[in-house]
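Down below is the structure, laid out as structure tokens.
The values are calculated or read from the model by the stated rules, or taken from the named source; none is laboratory data. Note that this is a predicted model, so its numbers are computed, not measured. Glycine also receives a Cβ, built like all others from the backbone with ideal geometry; neighbour counts cover every protein chain displayed. The protein model used for the area step is the full one, side chains on, heavy atoms only, and it has no ligands, DNA or RNA in it. Shrake-Rupley method; radii C 1.70, N 1.55, O 1.52, S 1.80 Å.
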Amino acid sequence: MRQQRREFLKLMGVGGAFTLLPLDIARAASIPTIDDRAVYIAASAKDNAGDSDDYYVSAFNASGKILFEQALPGRGHDIGLRPNHVDVAAVERRPGLYGLILDRHTGDVRAKLHCPEDRRFYGHAIYSNDSRFLYITENDFEHARGVVSVWDAEDGYRRVAEFDSFGTGPHELHLMPGGDQLVIANGGLHTHPDQDGRTPLNIASMEPNLSIIDRHSGKLVHQTALKADWHQLSIRHLDVSANGTIAAGFQYQGALTDQVPLVGIWQPGKDIRPIEAPDTVQYRMRQYCGSVRFDASGQVFGISCPRGGLITFWDAKSNDFLTHIAAPDGCGLAATDRAGEFVGTSGLGNSWRMDAIRRKRVELPDDSHKSLHWDNHLRRITA
């Protein structure tokens, strides 16, 4: 492991005499301040005096200062960013009924999406590179079938088509390089709104997979699955690097003590390759991965483990575990423009800048972000 990390540091441009530093959470000895003018946006919540939380989409700057809060009718999940446009799509957490199109600068509502009665939104959305079409994962619950719906952003966000996701319980989806294909994490979990919409009804017969479809025709292009013994590993979240490497995080539906991988790397056309952390870290991951994100270099990816209170970091070239950083209830991840660096958020109200290469973590200095409980995902807006 030490030799592997040394080679990794050389590739990332860190000097040969560099030594992995201990975790440092003190602001005074933190990651150097940089000119980060990006805005970070995520679903969030606030405690109220009643029985439930108030839900929002919130944005903050690189210092953690809240820029706006837009109220939501229910709990949000991920945010889709429309390229070269002010629109962002906020889709309700599964089993969701609403989608809102917001102004990324102000949070003002620009359009509303309504899920058909026989469908439920599953929390994730992505725009085409030309910014015209919005794709959302959905549950066709009566047929235990996953769906990707297509909405025309240039025609008032009219629902114009739907494609089979080629699996059950689709969750996160991303564009592949080139922009003509979508990769979908089919979690394998069948749910039904009559059973609260979240309780899995098919644990014994789960068949999770990763599928790539043509976004124009809906045709299946590639598909992979884990071996049958691991069929209870729900494939939920993923990210795609510029060279087409897909990193995926799993959520195990079996016992906490079972020894199963929680991370996979996939090169389309090959089998998915499961990878594991050292035993002590693997156990601390608590069988649950929350968010997956590649860094600016495309060589490092982070996977959050909110139930275990840590963020894990991995080398996409060697398929090796690199390190981990403590992050209590940390789940949201966004890459900055520096190799190995991420911003992370937590359900406890924290926001950090994290350096996976030097294993450093620093709290964002503006305390206004601490007024919110941050949901599972985080997006970085650069323009």
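A compact table of results
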| read-out | value |
| --- | --- |
| Packing-based order for 40-46, 129-135, using average beta carbon neighbours within 10 Å, highest first | 40-46, 129-135 |
| Using alpha carbons only: equivalent-ellipsoid semi-axes of the stretch 307-368, gyration tensor based, whole Å | 20, 13, 9 |
| Accessible area per residue in Å² at 1.4 Å probe, computed on the chain | 40 |
| Pairwise centroid distance, computed over Cα atoms, of the stretch 192-227 with the stretch 95-159, Å | 18 |
| Carbon + sulfur, % of accessible area of the chain - ligands and nucleic acids excluded, 1.4 Å | 46 |
| Solvent-accessible surface (1.4 angstrom probe) belonging to VAL221, in square angstrom, nearest 10 | 60 |
| Base-10 log of normalised Debye intensity for the stretch 250-371 (one unit scatterer per alpha-carbon) at q = 0.14 Å⁻¹ | -0.57 |
| For GLY332, distant residues with modelled amide H under 5 Å away | THR345 |
| Point-charge dipole on Cβ atoms (K/R +1, D/E -1) for the chain, about Cα centre, debye to 20 | 1100 |
| Computed accessible area, TRP230, all protein chains, 1.4 angstrom probe, square angstrom | 50 |
| Distance violations [Cα-Cα > 25 Å] among LYS65/LYS360; LYS270/LYS317; LYS65/LYS112; LYS227/LYS360 | LYS65/LYS112; LYS227/LYS360 |
| 3J(HN,Hα) from dihedral phi, the stretch 297-308, Karplus parametrisation 6.51/-1.76/1.60, rounded to Hz, x for glycine, proline | 7, x, 9, 9, 10, x, 10, 8, 10, x, 5, x |
| Protection proxy ranking, peptides 159-172, 271-284, 248-261, average beta carbon neighbours within 10 Å, highest first | 159-172, 248-261, 271-284 |
| Set of aspartates and glutamates with alpha-carbon distance to LYS370 below 18 Å, sequence-local pairs under 8 removed | ASP47, ASP53, ASP54, GLU69, ASP329 |
| Estimated [θ] at 222 nm from DSSP helical runs (n ≥ 4, -39500 (n - 2.57)) normalised by residues in the chain, nearest 500 | -1000 deg cm²/dmol |
| Cut-off 9 Å between beta-carbons: net charge of the residues surrounding ALA296, Lys and Arg +1, Asp and Glu -1 | -2 |
| ³J(HN,Hα) computed for each position of the stretch 283-292 - Karplus, 6.51 cos²θ - 1.76 cosθ + 1.60, integer Hz, glycine/proline x | 5, 5, 5, 6, 6, 8, 10, x, 9, 10 |
| Listed residues ASN376, ALA45, THR245: farthest to the positive end of the dipole of the chain (Cβ charges) | THR245 |
| For VAL109, solvent-accessible area (1.4 Å; no DNA, RNA or ligand), Å² | 70 |
| Distant-in-sequence amide H partners of GLY349 (H built 1.01 Å from N, under 5 Å) | TRP374 |
